[in-house]
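The values are calculated or read from the model by the stated rules, or taken from the named source; none is laboratory data. Everything numeric in this text was worked out from a predicted model, so none of it was measured. A quick note on method: Cβ atoms are made from the backbone with ideal geometry, for glycine too, and the neighbour counts reach across all protein chains shown. We work out accessible area using only protein heavy atoms, side chains counted, and drop any ligands, DNA or RNA first. Shrake-Rupley method; radii C 1.70, N 1.55, O 1.52, S 1.80 Å.
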Amino acid sequence: MTNHKFPQTIAIAGAGLLGRLLAWQLQRAGINITLFEAGSFTPDAPQSLRAAAFTAAGMVAPLSEAVVSDEGVYRMGIFALQQWPTWIAQLPANETPLFFNNGSLVVAHQQDTSELEQFERELGFILPGCKGYQHVNQHEIHQLEPDLHSNFHSGIFLREEGHVNNREFLRLIGDELLKLGTTIREFTSVEALPGKIVTDSSEEHFDLVIDCRGLGAKKQLRNLRGVRGETLHVETKEIHLRRPVRLMHPRYQLYVVPKPNNRFIIGATQIESEDRTPVTLQSSLELSSALYTLSPAFAEARIIEMDTNLRPAFMDNLPKVTIVDGLITANGLFRHGYLLAPAVVENVLAHIFKKTDPVFSALLNHH
Ligand SMILES: Cc1cc2nc3c(=O)[nH]c(=O)nc-3n(C[C@H](O)[C@H](O)[C@H](O)COP(=O)(O)OP(=O)(O)OC[C@H]3O[C@@H](n4cnc5c(N)ncnc54)[C@H](O)[C@@H]3O)c2cc1C
């Protein structure tokens, strides 16, 4: 039952990661939600515009991401490791698991050991005293991931990491929204303004509007930019991995994330460009050769998809929640969407339900 102090009607612009999660939690709380999406509401429908959430590998990697950001991102990421299983428990049982918390493994070839050492030094500097990771030797690497190439002599096992079966999660949460009676307006590009949603031909009023358009909000949000990322998807029964594996390299850091049905995502390039055109030959060579060096057994893998998308990022690459009367804007999740969405969603919900001490307020809020 909704308390009358709270908004009765909420419009959410953008049915990507944040839009779906917020719509779901708010609709469950009994609020009437209208969700506007510029592309298709079915995330895997072929379309020119689709959420970065669909392209993402779905890693929830507080330690690896702390190294490229800060301790605040780590704290929000640790929160995410608890929140994902809680959310998934709210969904109907699913045949394939939606969340894995087997940690992740970072390795480097012998000539690149200094990259691994630097990564470990940075972890120690940003998170002094953190017990969530440990150095592993050749034997321990083999025990963790027997199918990896046997020439990796040292690595780092990051216990405090997990990953989401993200495409399946996005599909399921979409089904839930339909069951719960959320009004969905797909193929409707909108502008999100305080208390109203504006399309080319109409204007609709709501108690509250939440802008979750990711890079689609670029015209309204100063300093928002897109950062190009490319991925390969392969399928093979020749190799099994239990957890994401990152390969440290002087020029790039690439990862392979195991997905159900013998599939793997290899990602991701990070290029300062808003070009959404297909994967370049150079990127596909870098991604596939990194994969091959992780295990020659990948040689026979079939490439089933190549994907490109843009990560929505502010200049400091950190997320922001902005609150004005009638409008909440949540954006800038950059390469940490699955890692930071739980903190951002909890923060927005705390504002809507007027909790006195919104979670991670100091890290996220910009009034
Ligand atoms: C290659 C790649 C790999 C990644 N891997 C990871 C990872 O492993 N772990 C991780 O934590 N994060 C990862 N990310 C980042 C993550 O995908 C993003 O941070 C996250 O999806 C951002 O969520 P969002 O809801 O803000 O935006 P999005 O997920 O992009 O959703 C925005 C939605 O708004 C819609 N929209 C846009 N404009 C309008 C409009 N005018 N009107 C209506 N709707 C509109 C879009 O169509 C889209 O559906 C990765 C990203 C990329 C590109």
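When residues in segment 346-367 are screened for being of a type in the set (A, V, I, L, M, F, W, C) and touching a strand residue (DSSP E or B) at 6+ places or on another chain (Cβ under 8 Å), 3 of them pass. One residue alone among Glu274, Glu238 is touching a strand residue (DSSP E or B) at 6+ places or on another chain (Cβ under 6 Å), assigned by TED's automatic domain parsing to the domain that holds Glu120, open to solvent by 40 Å² or more (accessible area, probe 1.4 Å) and not in a strand (DSSP E or B), and that residue is Glu274. Give me a count of the residues in segment 165-187 that are assigned to a loop (DSSP other than H, G, I, E, B), in contact with an Asp or Glu (Cβ under 9 Å, 6 or more places away or on another chain) and surrounded by 18 or more Cβ atoms within 10 Å (Cβ to Cβ). Of the residues in segment 165-187, 1 are assigned to a loop (DSSP other than H, G, I, E, B), in contact with an Asp or Glu (Cβ under 9 Å, 6 or more places away or on another chain) and surrounded by 18 or more Cβ atoms within 10 Å (Cβ to Cβ). Among the residues making up segment 114-153, those that are more than 25 Å from the chain's Cα centre (by Cα) and β-branched (Val, Ile, Thr) are Val136, Ile141.
Residues that are away from the ligand (no atom under 12 Å from the Cβ) and either closer than 30 Å to Leu158 by Cβ or open to solvent by 20 Å² or more (accessible area, probe 1.4 Å) (or both) within segment 18-43 comprise Trp24, Gln25, Gln27, Arg28, Ala29, Gly30, Asn32, listed in sequence order. Whether any residue in segment 1-13 is outside any strand (DSSP E or B), modelled with pLDDT of 95 or more and of a type in the set (Gly, Ala, Ser) is what I want to check. No, segment 1-13 contains no residue that is outside any strand (DSSP E or B), modelled with pLDDT of 95 or more and of a type in the set (Gly, Ala, Ser).
For segment 117-164, what are the residues that are part of a helix (DSSP H, G or I) and in contact with a Gly (Cβ under 7 Å, 6 or more places away or on another chain)?
Going residue by residue through segment 117-164, those that are part of a helix (DSSP H, G or I) are 117-126, 138-144.
Once the filter is applied, which keeps residues that are part of a helix (DSSP H, G or I) and in contact with a Gly (Cβ under 7 Å, 6 or more places away or on another chain), segment 117-164 yields only Ile141.
Between Val198, Val190, Val209, which is open to solvent by less than 30 Å² (accessible area, probe 1.4 Å), closer than 17 Å to Ile10 by Cβ and within 11 Å of the ligand (Cβ to nearest atom)? Break it down stepwise before answering.
Values: Val198 fails: open to solvent by less than 30 Å² (accessible area, probe 1.4 Å); Val209 fails: within 11 Å of the ligand (Cβ to nearest atom).
Step by step, each of Val198, Val190, Val209 is checked, and only Val190 is open to solvent by less than 30 Å² (accessible area, probe 1.4 Å), closer than 17 Å to Ile10 by Cβ and within 11 Å of the ligand (Cβ to nearest atom).
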